[in-house]
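The values are calculated or read from the model by the stated rules, or taken from the named source; none is laboratory data. In this text, all values refer to a predicted model and were calculated from it rather than measured experimentally. Here the Cβ positions follow ideal geometry from the backbone for every residue, glycine too, while neighbour counts run over all protein chains shown. Surface areas here come from the heavy atoms of the whole protein model, side chains and all, with no ligands, DNA or RNA. Shrake-Rupley method; radii C 1.70, N 1.55, O 1.52, S 1.80 Å.
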Amino acid sequence: MEKILIIDFGGQYNQLIARRVRECNVYCEVKPWTTPLDQLKAFNPIGIIFTGGPNSVYLDDSPQIDPDIFNWGVPILGICYGCQLMAHALGGQVTPAQDDSAREYGKTDTWYDTSCKLFQGLPAQGVSWMSHGDYMAKVPQGFALTARSDACPNVAIADESRGFYGVQFHPEVNHTRHGVDMIRNFLYEVCHAHGDWTMGDYKNTAIAQLREKIGSGKVLLALSGGVDSSVAAALLAEAVGSQLTCVFVDHGLMRLNEGDEVEEAFAQWDLNFVRVDGADRFLKRLAGVEEPEHKRKIIGEEFIRVFEEESKKIGAVDFLAQGTIYPDVIESGAGEAAVIKSHHNVGGLPDYVDFKEIVEPLRMLFKDEVRQLGRELGLPEYLVSRQPFPGPGLAIRIIGDITKEKADALRLADAIFQEEMARAGEDKCANQYFAVLTNTRSVGVMGDGRTYDYTLALRAVTTSDFMTADWARLPYDLLDRVSSRIVNEVRGINRIVYDITSKPPATIEWE
Ligand code: XMP
């Protein structure tokens, strides 16, 4: 398989670069700049991309690269800091921008030299996304200037004889017009890639590797019904069939018909499917608990307890499988961020279960690749394209204390919202949408009688990373239909509100 090596200098768009490369059907991995050169060489890439980074290359403590990398004979594309690093290392000069006009942030009109392989076939003028305060005062010997902006004559540089290219802007972000085409040009025109990264091939390779690793061993997987654990389960089922046991714990706070749907989706494989109905015990432990973090903690603990009981029944297992995906792997090295919510992911690793090894078959895949793999494996579309659903489920969408009646009402209201969103085609536009049962009751009138029932909130957001989000501008007539259906069809709810706060300052979930 052809591979691209992405060397990470701490930039904020590093994952995006990797996704773009994979979207162009070329496999890549992100490695930290501290990785020794011999290890990088062992990876055997056909090309290298240096990412951006927050530092200035001329500072003593800034991330550097072994200069021998430039004698390796592998093409390099440097982006932003990566471009400056290459210039600095090869005898150019990078300085802080003297005046503000040479600093560039945001969308910038840019002119490209389309005889350069990187810009081949693209319009000579476009818009690029800049984010740099440093300036290449002197370009290294052998490099030509291949793009300019009003403020800067050397927006891009190239030494085509050695296959070295540098851009001051970020081709990986959507704001850069034709940015992906530039990355594709680097991969196909400069590195001569053939595009051998496809999910069909990956599926077969992954199955063969899993069979080899697992042999005749037993595998245990906590199946949550979410995309990642479902695809991991399907891949393992395909690889080792009945050696796999999936434990699906229904905590009674799932969406409508969720348990049945998951069970049905896995009926096509010869695996051991254990469905545990834990609704009573979870609801009992949650009774009277109002504080969101407390709810999360109880559900996390109880889940582990149930999982432990089930795995004891199964006996010693050789492998514990997890649906870890690539962004989790890259992010695990990230710095400390303030804990807003504990995000307990039910299905996380219980550290007491008796197993020899962990298998993480999706460890190198991005979310969209996981979905694609799920389709290749024959999982139904509703499972594969499912929106995120928090591990604690409806527990954090029922404000205040939780009862079975409230969970039932919310489940039904949420299903109506889901159904109408799909019918209106808005499910393709909003990235997450759900109903929240508030603990506010208000007076209403139904028929000729007074009601005093709960207020339900609808929430729909657009987001690409779930770190920030905007509220979705849903059509009024859709909101109207959802509202009248819910108050008519669900007992105990007499008022509907629509949440129009973005994140920040709100969060996506209410608790
Ligand atoms: P917030 O509410 O923090 O949510 O804006 C961001 C994303 O994370 C999901 N979320 C959770 N997922 N366990 C999970 O597995 C949790 O406790 C949890 N809390 C929030 C939320 O649905 C959204 O997609």
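About its Cα centre, the dipole of the chain is roughly 460 debye, where the only charges are +1 on Lys and Arg Cβ and -1 on Asp and Glu Cβ. Remark: relative contact order (the chain) = 10 percent; criterion is Cα-Cα distance under 8 angstrom and separation of 6 or more residues. Amide hydrogen proximity for residue 176: with H placed 1.01 Å from N in the peptide plane, the residues at 5 or more positions away or on another chain lying under 5 Å are 129. Counted by Cβ distance under 9 Å from residue 395, the other residues give a net charge of +2, where Lys and Arg count +1 and Asp and Glu count -1.
Restricting the calculation to Cα atoms, every distinct pair contributes to the Kirkwood radius of the stretch 3-190, found to be 16.1 Å. Computing Rg and the Kirkwood Rh from the Cα coordinates of the stretch 199-384 gives a ratio, Rg/Rh, of 0.96. How big is the equivalent ellipsoid of the stretch 412-484 along its three axes, where each semi-axis is √(5λ) from the Cα gyration tensor, reported in whole Å from largest to smallest? Equivalent ellipsoid of the stretch 412-484: 26, 15, 9 Å, largest first. Overall, the accessible surface of the stretch 3-190 at a probe of 1.4 angstrom is composed of carbon and sulfur to the extent of 45 percent. What pairs from 31/213; 107/428; 297/404 go past 26 Å between their alpha carbons? Table pairs above 26 Å Cα-Cα are 107/428. Of the accessible area of the stretch 397-498, computed with a 1.4 Å probe over protein heavy atoms only, carbon and sulfur atoms account for 50 percent. Subtracting the Cα-Cα distance of residue 124 and residue 95 from 0.36 nm times their residue separation leaves 7.6 nm of extension gain. Each peptide in 389-402, 489-502 receives the mean, over its residues, of other Cβ atoms within 10 Å, and ordering these scores from highest gives 389-402, 489-502.
Which of the chymotrypsin sites (Phe, Trp or Tyr not before Pro) across the stretch 155-233 are loop residues per DSSP, with 13 or fewer other Cβ within 10 Å? Taking the stretch 155-233 and a limit of 13 other Cβ atoms within 10 Å, no loop chymotrypsin sites (Phe, Trp or Tyr not before Pro) are found. Carbon-plus-sulfur accessible fraction, the stretch 199-384 (probe radius 1.4 Å, protein heavy atoms only): 47%. Compared with the dominant principal axis of the Cα atoms in the chain, helix 404-423 is inclined by about 50°. Shown in residue order for the stretch 19-24 are the 3J(HN,Hα) couplings computed by the Karplus curve 6.51 cos²θ - 1.76 cosθ + 1.60 at θ = phi - 60°: 5, 4, 4, 5, 4, 7 Hz (x for Gly and Pro). Take the stretch 3-190 with all the other protein chains still there, run a 1.4 Å probe, and you get 40 Å² of accessible area per residue.
In this structure, the amide hydrogen of residue 497, modeled 1.01 Å from its nitrogen in the peptide plane, lies closer than 5 angstrom to those of 456, 457, 458, counting only residues at least 5 positions away or on a different chain. Considering only Cα atoms, the convex hull volume of the chain works out to 169 Å³ per residue.
With protein chains left intact and a 1.4 Å probe, residues in the stretch 367-432 average 38 Å² of accessible area per residue.
Rounded to the nearest 20, the size of the Cβ-charge dipole of the stretch 3-190 about its Cα centre is 500 debye, with Lys and Arg at +1 and Asp and Glu at -1.
With N counted as the residues of the stretch 1-72, its alpha-carbon radius of gyration over 2.2 N^0.38 Å works out to 1.11.
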